[in-house]
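Working notes, structure below.
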Amino acid sequence: MPLCFIEPQDAIRVIAESVGREARRQLVGEVVRAWVDDIPEQELSGHYAKAIAGLDDDDLHLLAAWHASLEVGQPIPNTEFLVGVFQSLGENRREALKIAAGFRGEEAFQAGVAEDQALDTVLPRLSRERAIELANECIELYLWDRMGCDN
């Protein structure tokens, strides 16, 4: 019987504080993707609309190009179009949200939003099972970081 004295969310925070900047950014990205996987189906559209609301033109163009690869029509790189075709993405809706959230995260990092703030926002929303799985992935990221990646 394994003993555990720390909650998985806390373990993720400790690991985030123990790795270099590049590994920390990857860790935050994994946390955001895990959160998207845990969002109930009926809430996906609302989160997608929020994620793309503040994207710049370059990110909107990249997201529209990704939509084009799915052949959902002639993509228009604006918020209204992207929100409008979101439901037609079917099984690809979570991936679209992960991409949009990733762009949003990059903008936040560039604006000086700390990784701690991102973790504080997303970690409490993860299911316990997903947090445990993510903590295991973070341990692997910690080892990768400590074994000599460029930071």
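Among the residues that make up the stretch 88-96, is at least one of them under 15 Å from the mean Cα position of the chain (by Cα), outside any helix (DSSP H, G or I) and farther than 30 Å from Arg146 by Cα? Within the stretch 88-96, none of the residues are under 15 Å from the mean Cα position of the chain (by Cα), outside any helix (DSSP H, G or I) and farther than 30 Å from Arg146 by Cα.
Restrict the check to the stretch 116-125 and report whether at least one residue is polar (S, T, N, Q), at pLDDT 90 or above and either part of a helix (DSSP H, G or I) or closer than 19 Å to Val31 by Cβ (or both). There is no residue in the stretch 116-125 that is polar (S, T, N, Q), at pLDDT 90 or above and either part of a helix (DSSP H, G or I) or closer than 19 Å to Val31 by Cβ (or both). Which ones in the stretch 44-59 are in a loop (DSSP other than H, G, I, E, B) and at pLDDT 90 or above? Of everything in the stretch 44-59, nothing turns out to be in a loop (DSSP other than H, G, I, E, B) and at pLDDT 90 or above. Listed by first and then second residue, the pairs linking a residue in the stretch 17-42 that is outside any helix (DSSP H, G or I) to a residue that is of a type in the set (Ser, Thr, Tyr), with Cβ atoms under 6 Å apart and 6 or more places separating them unless they lie on different chains, are Val19/Tyr142.
The values are calculated or read from the model by the stated rules, or taken from the named source; none is laboratory data. Remember, predicted model here, so these are calculated numbers, not experimental data. In this analysis, Cβ positions are derived from the backbone assuming ideal geometry, glycine residues included, and neighbour counts consider all displayed protein chains.
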